[in-house]
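A quick write-up on the structure given underneath.
The values are calculated or read from the model by the stated rules, or taken from the named source; none is laboratory data. Everything quoted here is computed from the prediction, not taken from an experiment. A quick note on method: Cβ atoms are made from the backbone with ideal geometry, for glycine too, and the neighbour counts reach across all protein chains shown. What goes into the accessible areas is simple: the full protein's heavy atoms, side chains included, and nothing from ligands, DNA or RNA. Shrake-Rupley method; radii C 1.70, N 1.55, O 1.52, S 1.80 Å.
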Amino acid sequence: MSINETPRSERLHIGLFGRRNAGKSSLINALTGQETALVSDIPGTTTDPVYKAMELHGFGPVVFIDTPGLDDEGKLGDMRVTRAMETLDKTDVAVYVFDGAPENEARHIDEIKTRRIPVIAVIGKCDLIPDPGRIADDIRALYGVEAIRVSAESGEGIDELKNAIIHSAPERFWELSVTGSLAKPGDTILLVMPQDREAPKGRLILPQAQTIRELLDKNCVVTACTPEGMDAALSALASPPRLIITDSQAFRTVFEKKPAESLLTSFSVLFAAYKGDIRALIRGAEALDHLSASSRVLIAEACAHAPAEEDIGRVRIPALLRKKAGDSLRVDFVRGRDFPEDLTGYDLIIHCGACMFTRRQMMGRISEAERQGVPICNYGIALACLNGILKYVALPDEG
Ligand SMILES: Nc1nc2c(ncn2[C@@H]2O[C@H](COP(=O)(O)OP(=O)(O)O)[C@@H](O)[C@H]2O)c(=O)[nH]1
Ligand SMILES: [Mg+2]
């Protein structure tokens, strides 16, 4: 296994359960957009649990577990059912696929619930089933769960199912690496951190402290300096650092001084990726180019009280936006729980860095904005775009 591969134990394991022919294997193919699971109309085609390591778009590395049908019969059939249920030992999220007859599944559903594994009920092959609404009612009455209607054939409900899986993932799967593949064991990394009047007295801010800790855990050699000390730091190193991470304020200066072979990124871009989906935020930032004097922008902060970021959200970003799009551009500012349910009136949402949010909370806001068709980016990405530096930034999934 290479260093960049995620070990199985750190991947979210998604088990698919249900009767023979319910459409479990087809669903795995629909979710991953690949033909990896064996599909057939002969009941009992999947005779042993099959583990497939994949990337789930918008989330990260996962393992799908394709299992034999739970209604299998006979001596061999019973053994297969046992093997299928044993995969619950490794399952983090269970997807239970119902077909047209949702009765008689209580034994298996109860077993999953007893183990406190989150279970997502789906009604498969919805393109074939004449009255999925009635089956959903039956499932609710029998097992107390809301079923998602899906079809591997038409694609109906596949995105909804993907989101449900992602949001059922236990908290530990939401923690990522800050520096990702940009910093590998043994690399020399230079950190450029201005310690000006805005920096807190006697300590480093959390993103800086957290990055240093992670780099030390990766056995990197960490060198730190202020923008003024950068020349001295570079000449003290025997060879150019693989990566330079700078505070975004100093980005231009650092960019001009950096050795050609060193990658360059900023703390705010790393944390945008750490707290959210960096690709979605960069896509969202494209809306900055289409703002006009009649546009509406929502600026949202996670904390009810965050004086450190307030100046960026209330003053600096609105000023840059108005300079770009016109003085009458409307900016609404919300914080804490005031994040509106209906986002459709906005042309763009710019969110704070979400340092006090979990990744899961921030991803929730990103997927809600995307669901409503409203572009979303964050302070770090918006400022990098507005200052024209995003194209020079190395992203944590590159390197
Ligand atoms: N029309 C339709 N057929 C499906 C769908 N999903 C699966 N099938 C078919 O149903 C049969 C059983 O599917 P499979 O995925 O192997 O079921 P499994 O036994 O639960 O893994 C195959 O012939 C599939 O082509 C669907 O969404 N719509
Ligand atoms: Mg199968």
Counting as exposed only GluC sites (Glu not before Pro) in DSSP loop states with no more than 12 other Cβ atoms inside 10 Å, the longest exposed-site-free span of the chain is 262-340
Run through segment 139-230 and list the trypsin sites (Lys or Arg not before Pro) located in a DSSP loop whose Cβ has at most 10 other Cβ atoms within 10 Å.
ARG197, LYS201, ARG203
For ARG115, net neighbour charge (Lys/Arg +1, Asp/Glu -1) across residues whose Cβ lies under 14 Å away
-1
Would you please classify the overall shape of segment 120-172 from the alpha carbon gyration tensor, given that a ≥ b ≥ c denote the square roots of the eigenvalues, rounded means a/c under 1.5, and beyond that prolate means a/b larger than b/c while oblate covers the rest?
oblate
For HIS13, list long-range residues whose amide hydrogen, built 1.01 Å from N in the peptide plane, is under 5 Å from its own amide hydrogen.
VAL63, ASP92, VAL93
Return the calculated 222 nm mean residue ellipticity for the chain, to the nearest 500 deg cm²/dmol, obtained by summing -39500 (n - 2.57) across DSSP H runs with n ≥ 4 and dividing by the residue count.
-9500 deg cm²/dmol
Taking only protein heavy atoms into account and a 1.4 Å probe, give the accessible area per residue of segment 1-139 in Å².
49 Å²
Please report the carbon-and-sulfur percent of the accessible area for the chain; probe 1.4 Å, protein heavy atoms only, DNA, RNA and ligands left out.
50 percent
Phi angles of segment 62-71, converted by Karplus (6.51 cos²θ - 1.76 cosθ + 1.60, θ = phi - 60°) into ³J(HN,Hα) in whole Hz with x for Gly and Pro, give 9, 10, 8, 10, 8, 10, x, x, 7, 9
In order over segment 370-377: 3J(HN,Hα) from phi, Karplus 6.51/-1.76/1.60, θ = phi - 60°, whole Hz, x for each Gly or Pro, gives 5, 4, 8, x, 10, x, 9, 9
Only bridges with both residues in the chain count here: give the DSSP antiparallel percent, nearest 5.
15 percent
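For ALA369, what is the net charge nearby, where nearby means another residue's Cβ is under 13 Å from its Cβ and Lys, Arg count +1, Asp, Glu -1?
In short, -3.
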Tell me, what is the per residue accessible area of segment 277-390 in Å², probe radius 1.4 Å?
47 Å²
Per residue of segment 105-117, what does 6.51 cos²θ - 1.76 cosθ + 1.60 with θ = phi - 60° give for ³J(HN,Hα)? Whole Hz please, x for Gly and Pro, Karplus curve as stated.
10, 4, 4, 6, 4, 4, 4, 5, 5, 4, 7, 6, 8
With both bridge residues required to lie in segment 47-181, what share of the DSSP beta bridges run antiparallel, to the nearest 5%?
45 percent
